[in-house]
Amino acid sequence: MINHKFGTYVMRFFVYALLFFLLILVIVPIWLLVVNGSRSTTEIQGGISILPSTHMIENYRLLIGRGLNLPRGFANSLFLAVTSTVVTVYFSLLTAYGIVVYNFPGKKLFSNFIVILVMIPLQLSIIGFYQYMSKLGLTDNYASLILPLIASAGSVFFGMQYLQSMVIHDLIDAARIDGASELGIFHTVMLPLAVPGAATMGIFAFVASWNNFFTPFIMISSLEKYTLPMLVQTMRGDVYRTEYGAIYLGLALTIVPIIILYAIFSRYIISGIALGAVKE
């Protein structure tokens with residue numbers, strides 16, 4: 001009995017030690033990014049420091065004083081991220097609900113096709129996608145970044161896995177007997193039950209849109225429509241070449257919304273993934 005308890009304590013120690021090590025690996029780069037955002041170029045060139053300095057306001061003035069419209073880029077990214085999240089979550093859950101609840105010819109084939117789409121990288125289809133958007137007149141338009149998310153294969157796949165674990169067919173049948181429409185059942189019955197999964201999908205969709213650089217870089221050409229990652233990319237030019245503190249500060253500002261989002265909704269990620277992993 002004693003040996004069993006000792007083995008349990010040893011196992012817990014190694015598990016916690018591993019988790020603490022992983023936590024350090026995640027936190028240290030972010031902390032150093034914030035610290036360097038508060039240091040001058042001379043201080044950064046002098047070596048690594050774990051303590052913040054007093055040049056953050058100066059770096060921010062340098063950041064926005066050389067033509068970089070950071071507030072506009074932040075607003076553009078926020079608009080795209082919020083809109084993309086709403087579109088992705090709603091239509092992906094609606095599609096997943098239709099696949100899980102209804103029986104129709106080719107249902108299995110359609111589900112397998114979604115899995116195949118998840119495994120295809122976006123880069124393989126970007127040329128055809130650009131040509132298609134160009135024919136529709138949607139280049140240099142946010143619609144080209146938002147509308148395709150109506151058919152987000154990854155989100156639909158996650159929604160299918162999640163709904164399969166929590167769909168209650170008796171509840172759906174009861175709502176039909178009460179005279180509710182099919183869309184009404186989805187909105188009033190399923191969506192409230194799927195809040196943890198929807199929140200998880202929303203967080204992933206928001207982060208993916210916020211960090212997305214490749215697709216906006218291909219589709220958007222107007223500087224006033226640049227997202228925050230695109231504006232940060234412009235800091236590689238000669239204007240900011242020697243302003244390391246301002247560059248670090250610009251990079252640090254791009255991750256602040258993501259950290260806040262995770263801090264508020266992290267519990268939904270855990271519950272949403274846990275429920276999605278359970279099969280009937």
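Restricting everything to alpha-carbon atoms, can you work out Rg to Rh for segment 80-162 with a Kirkwood hydrodynamic radius?
When Rh is taken as the Kirkwood radius, the ratio is 1.01.
Using only alpha carbons, build the gyration tensor for segment 1-149 and give me the equivalent ellipsoid semi-axes, biggest first, whole Å.
41, 36, 14
Return a whole-number percent for the relative contact order of the chain, with Cα pairs under 8 Å and 6 or more residues apart as the contact set.
Relative contact order of the chain: 32 percent.
Taking the Cα centre of the chain as origin, work out the dipole magnitude from +1 charges on Lys and Arg Cβ and -1 charges on Asp and Glu Cβ, in debye rounded to 20.
Its charge dipole is roughly 420 debye.
Express the carbon and sulfur contribution to the solvent-accessible surface of the chain as a percent, rounded to the nearest whole number, probe 1.4 angstrom.
Roughly 71 percent of what the probe reaches on the chain is carbon or sulfur.
How much length would be gained if the chain were fully extended between I258 and L25, taking 0.36 nm per residue of separation minus their Cα-Cα distance, in nm to one decimal?
82.1 nm
Computed from the coordinates I sent, mean projected area of the Cα convex hull in nm² equals one of [x] 13.7; [y] 22.0; [z] 15.4. Tell me the label.
The calculated read-out lines up with [y].
Pairing the Cα long axis of helix 126-135 with the longest principal axis of the chain, what angle in degrees results, from 0 to 90 and rounded to the nearest 10?
So the inclination is approximately 80 degrees.
Please report, in debye to the nearest 20, how large the charge dipole of segment 3-113 is about its Cα centre when each Lys and Arg carries +1 at its beta carbon and each Asp and Glu carries -1 there.
Dipole magnitude for segment 3-113 comes out near 300 debye.
If I fit a long axis through the Cα atoms of helix 2-37 and take the longest principal axis of the Cα atoms of the chain, what angle between them do I get, 0 to 90°, rounded to 10?
For 2-37 against the chain, the angle is about 50 degrees.
Of all the stretches in the chain, which is the longest one without any exposed loop site, taking trypsin sites (Lys or Arg not before Pro) in a DSSP loop (any state but H, G, I, E, B) with at most 12 other Cβ atoms within 10 Å?
Longest stretch, sites excluded: 1-235.
If you bin every alpha carbon distance in segment 123-234 into 5 Å steps from zero, what whole percent lands in each bin?
2, 10, 16, 17, 14, 11, 10, 9, 7, 3, 1, 0
Considering the dipole of the chain built from charges on the beta carbon (Lys and Arg +1, Asp and Glu -1) around the Cα centre, which of V10, V82, S134 is farthest to its positive end?
V10
Please get the size of the charge dipole for segment 127-227, origin at its Cα centre, with Cβ charges of +1 on Lys and Arg and -1 on Asp and Glu, quoted in debye to the nearest 20.
Once rounded to the nearest 20, the dipole reads 320 debye.
Provide the three semi-axes, in whole Å and in decreasing order, of the ellipsoid equivalent to segment 32-90 as defined by the square roots of 5 times the Cα gyration tensor eigenvalues.
Largest first, segment 32-90 gives 32, 16, 7 Å.
The values are calculated or read from the model by the stated rules, or taken from the named source; none is laboratory data. Since the model is a prediction, treat every value here as computed from it, not as a measurement. In this analysis, Cβ positions are derived from the backbone assuming ideal geometry, glycine residues included, and neighbour counts consider all displayed protein chains. In case anyone asks, the SASA skips ligands and DNA or RNA and just uses the protein heavy atoms, side chains included. Shrake-Rupley method; radii C 1.70, N 1.55, O 1.52, S 1.80 Å.
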